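Following: one structure in structure tokens, then a few remarks.
Nothing in this text is a laboratory measurement; each read-out follows from the coordinates by a stated rule. Computed from a prediction, not measured in an experiment: that's the story for all the values here. Cβ coordinates were reconstructed from backbone atoms using ideal geometry, including for glycine residues, and neighbour counts include every protein chain displayed.
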Amino acid sequence: MNPIGGFYSAYDADSLDDKNHLEEGAFYVWKKEDLKRILKEDFDLFSIVFNINDFGFWEEENYVLIQNQSLEEISKKENIELFQLQKKKEKWENQLYTEREKRSKPRLDDKSLTSWNALMLKGFVDAYKALKNKKYLEIALKNANFILENLWKPEGNLLHNYKNGITTINGYLEDYCFVIDAFISLYEVTFDEKWLHYSKQMTDYCFDNFYDEKKHFFSFTSNLDEALITKHYELEDNVISASNSVMAGNLFKLHIYFENSYYEEIAQKMLSQVLPNIDYPSAFANWLNVFLNFSEENRELAICGKNALENSLLIQENYLPNIIIAGSTKPSELVFLKGRFHLNKDLFYVCQNKTCELPTTNFKEALNDLTS
């Protein structure tokens, strides 16, 4: 993380080896002679645990440490007490860490990319939901403010990159879709509605500058960018989800929060074009996840009252991937919450497709309704 809350991109795969030459993986790999020198009489047992053999051999006399058996299995085969083996492994790792710290470290790629920062932001929000470590939320908020202050221009467009106070590339659809998604997630753990309004503002900007009304998809580059021979529409989910599938998911969520039927209509049009053409699901995983929002299992939850945020975080400890959560600790003008706040009660509204059951004050009853 840089001093103002942005995340750097990467470490270089190359670092200086013992001959002062740049070599891929040099920081992480080990030669057998060095391991014998460091580990001494423990080398043979270490070799079994970490595969200093053909399995762990990489290239140029280098080995990658790979444990592919449990310590329980190894302790039985080698007739050594499990706790002794655990202690030895801890000792080995400390020895090797101390030795590795003497090496030249991989070089840092110190640019910050908006889309990657947004992915990190959402990761920290998810970690906070699961583990309740407030440090994770602090980092997420710091990173969100880094994006707002350094990568979002007053004209409404995001920028793609940042380094030492300089930005040089106009934002791509991947920057918008992941920032919108991350800001929605940030709303879910803070109930600060500004994150939803920022998301909506960016979404509307995408309609003005990326959306193709004929194809019903968003192009990868903005209308403000230099025209390409043909426009590119990112549709297949890969290691990172396709920007159009993420946008479809964003539209579905925002249509609930703001009761915006146009957002829902476009999300459905995008899905209707993709689903019939799926030939192998792994390339459309996030599209299928978006499609689940339209299933009968999908729920929405509004939590209103002075303890709304605490109740929300308790609910989000559970794995409820297709639940849309909103809430307020005071009267709200957000369409999904309007008129639902009561000063002296904590109310839970379990809804489906914006149609809500009668509110309950019973936390367990609300949770059961969500999971039944």
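List 230, 360, 114 from most exposed to least, where exposure is judged by having the fewest other Cβ atoms within 10 Å. Spell out each step's value before the answer.
On the way: 230 7, 360 16, 114 27.
With the fewest neighbours first, 230, 360, 114 line up as 230, 360, 114.
Tell me the label-point distance for the pair residue 98, residue 41, using the 7 Å Cα-to-Cβ offset, in nm and rounded to one decimal.
My value for the distance between the label points is 1.8 nm.
Note down the net charge around residue 212, summing +1 for each Lys or Arg and -1 for each Asp or Glu among other residues with Cβ under 13 Å from its Cβ.
Summing Lys and Arg as +1 and Asp and Glu as -1 gives +1.
Given the pairs 105/135; 105/194; 142/269, which are separated by over 30 angstrom at their Cα positions?
105/194; 142/269
Find how much the distance from residue 223 to residue 71 grows on full extension, using 0.36 nm per residue of separation minus their present alpha carbon separation; answer in nm with one decimal.
Here the segment from residue 223 to residue 71 would lengthen by 49.0 nm.
Tell me which aspartates and glutamates have Cα within less than 19 Å of residue 231's Cα, excluding those fewer than 8 residues away on the same chain?
Partners within reach: 174, 175, 208, 212, 213.
Compute from the Cα atoms of the chain the Rg and the Dmax, the latter being the longest Cα-Cα distance, and quote both in angstrom.
25.4, 73
Listed highest first by mean packing, meaning other Cβ atoms within 10 Å per residue, what order do 188-195, 70-77 come in?
Highest-to-lowest ranking by the protection proxy: 188-195, 70-77.
With respect to the cross-link table entries 19/91; 36/87; 122/306, which display a Cα-Cα separation exceeding 21 Å?
19/91; 122/306
Every cysteine in the chain with no other Cys Cβ under 4.7 Å from its Cβ, please list them in numeric order.
Result for the chain is 177, 206, 304, no neighbouring Cys Cβ within the cutoff.
Could you list 166, 139, 147 in order of exposure, starting from the residue whose Cβ has the fewest other Cβ atoms within 10 Å?
Starting with the residue having the fewest Cβ neighbours, the order is 166, 139, 147.
Under a plain spin-label model, where a point goes 7 Å from the Cα along Cα-to-Cβ, how far apart in nm are residue 90 and residue 135?
Here the answer is 2.0 nm between the modelled labels.
Could you compute the net charge surrounding residue 159? Neighbours are other residues with a C-beta less than 15 Å from the C-beta of residue 159; K and R count +1, D and E count -1.
-2
May I ask you to list the residues of the stretch 244-258 whose amide nitrogen lies under 11 Å from a point 7 Å from Cα along the Cα→beta-carbon direction of residue 335?
The answer is 254-258.
Just to be sure I understand the model, the point goes 7 Å from the Cα along the line to the Cβ. What's the resulting residue 105 to residue 79 distance in nm?
Placing both labels 7 Å along Cα→Cβ, they lie 4.5 nm apart.
Taking a cut-off of 17 Å between Cα atoms, list the aspartates and glutamates near residue 134, but don't count ones fewer than 8 places away on the same chain.
Within reach: 126, 188, 192, 310, 317.
Quick one: net charge around residue 171, please, counting Lys, Arg +1 and Asp, Glu -1 for every other residue with C-beta under 13 Å from its C-beta.
Net charge around residue 171: -3.
Which links in 132/163; 132/253; 153/215; 102/163; 40/89; 32/89 stretch past 21 Å when you go from one Cα to the other?
Violating the 21 Å Cα-Cα cut-off are 132/163; 132/253; 153/215; 102/163.
Would you work out the charge dipole size for the stretch 28-100 about its Cα centre, treating the Cβ of every Lys and Arg as +1 and the Cβ of every Asp and Glu as -1, and quote it to the nearest 20 debye? The partial results should precede the final answer.
On the way: 12 positive and 16 negative charges, 50 e Å.
About 240 debye.
Which value at 222 nm does the chain reach when only helices count, each DSSP H run of 4 or more adding -39,500 (n - 2.57), with the total divided by all residues and rounded to the nearest 500 deg cm²/dmol?
-14000 deg cm²/dmol
Report the gain in length on full extension from residue 238 to residue 164: 0.36 nm times residue separation, minus Cα-Cα distance, nm rounded to one decimal.
Here the answer is 23.6 nm.
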